[in-house]
Amino acid sequence: QVQLVESGGGLVQAGDSLRLSCAASERTFSTWTAAWFRQAPGKERDFVAAIRRSGNTYYTDSVKGRFTISRDIIKNAVDLQMNSLNPEDTAVYYCATNDRFILIPTTSGSYKYWGQGTQVTVSS
């Protein structure tokens, strides 16, 4: 069973930055598509960003230009650098991946393995 462990969440003020990290138990994680989703209270889990093995990246419109998804091969992890945070970014952030090819990386149904989530709270 693949395990994903997120870290880096916390409480910050509007305009601040945070860097989330998702470490995987499987060494071949670097060859899989990985993504970040987030879920705010009372809302559905929404796509944030994804990265393919090729390095191609995808972002939801609301985070383009502020968030950057990347791989850390040494840590066997996928990171999410979040800049210019605002209160609307407040949510539990989840890391996800799949050991199979993903046709559509922006939908939660494409992912087989999920982390436990890390809370990000942005105060105004």
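The values are calculated or read from the model by the stated rules, or taken from the named source; none is laboratory data. Quick caveat: nothing in here was measured; it's all calculated off a predicted structure. Glycine also receives a Cβ, built like all others from the backbone with ideal geometry; neighbour counts cover every protein chain displayed. Calculation scope for accessible area: heavy atoms of the full protein, side chains included, ligands and nucleic acids excluded. Shrake-Rupley method; radii C 1.70, N 1.55, O 1.52, S 1.80 Å.
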Consider T106 carefully, then state whether it is among the hydroxyl-bearing types (S, T, Y), surrounded by 14 or more Cβ atoms within 10 Å (Cβ to Cβ) and part of a loop (DSSP other than H, G, I, E, B).
yes
Checked the stretch 73-91 for anything part of a strand (DSSP E or B) and touching a residue at least 60 places away in the same chain (Cβ under 8 Å); matches are D79, L80, Q81, M82
Looking at (1) in contact (Cβ under 8 Å) with a residue 24 or more places away in the chain; (2) more than 16 Å from C22 (Cα to Cα); (3) out of contact with any Ser or Thr (no Cβ under 7 Å at 6 or more places or on another chain); (4) open to solvent by 50 Å² or more (accessible area, probe 1.4 Å), which is the one condition that is false for D99?
(2)
What are the residues in the stretch 61-103 that are within 14 Å of the chain's Cα centre (by Cα) and of a type in the set (A, V, I, L, M, F, W, C), if any?
V63, F67, I69, A77, V78, L80, M82, A91, V92, C95, A96
Give the residues of the stretch 5-32 that are among the charged types (D, E, K, R), farther than 18 Å from V63 by Cα and surrounded by fewer than 17 Cβ atoms within 10 Å (Cβ to Cβ), sorted by residue number.
E26, R27
Restricting attention to the stretch 52-96, which residues are open to solvent by less than 10 Å² (accessible area, probe 1.4 Å) and over 27 Å from S124 (Cα atoms)?
N76, A77, V78, A96
Please enumerate the residues belonging to the stretch 112-124 that are within 12 Å of the chain's Cα centre (by Cα) and open to solvent by less than 60 Å² (accessible area, probe 1.4 Å).
G115, G117, T118, V120
Quick check on this structure: which one of A14, A50 is under 11 Å from the mean Cα position of the chain (by Cα), more than 10 Å from L80 (Cβ to Cβ) and small (G, A, S)?
A50
Residues that are free of Cβ contacts under 8 Å to residues at least 40 places away in the same chain and over 17 Å from G9 (Cα atoms): which strands (runs of 3 or more DSSP E) entirely in the stretch 23-72 hold 1 or more of them?
45-51, 57-59
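Could you please give the count of residues in the stretch 3-22 that are outside any strand (DSSP E or B) and over 20 Å from K64 (Cβ atoms)? Don't jump to the end; show me each part of the working.
If we filter the stretch 3-22 for residues that are outside any strand (DSSP E or B), which is where we start, we get 3, 8-9, 14-17.
From what's left, over 20 Å from K64 (Cβ atoms): 3, 8-9.
Going through the stretch 3-22 one residue at a time, the tally reaches 3.
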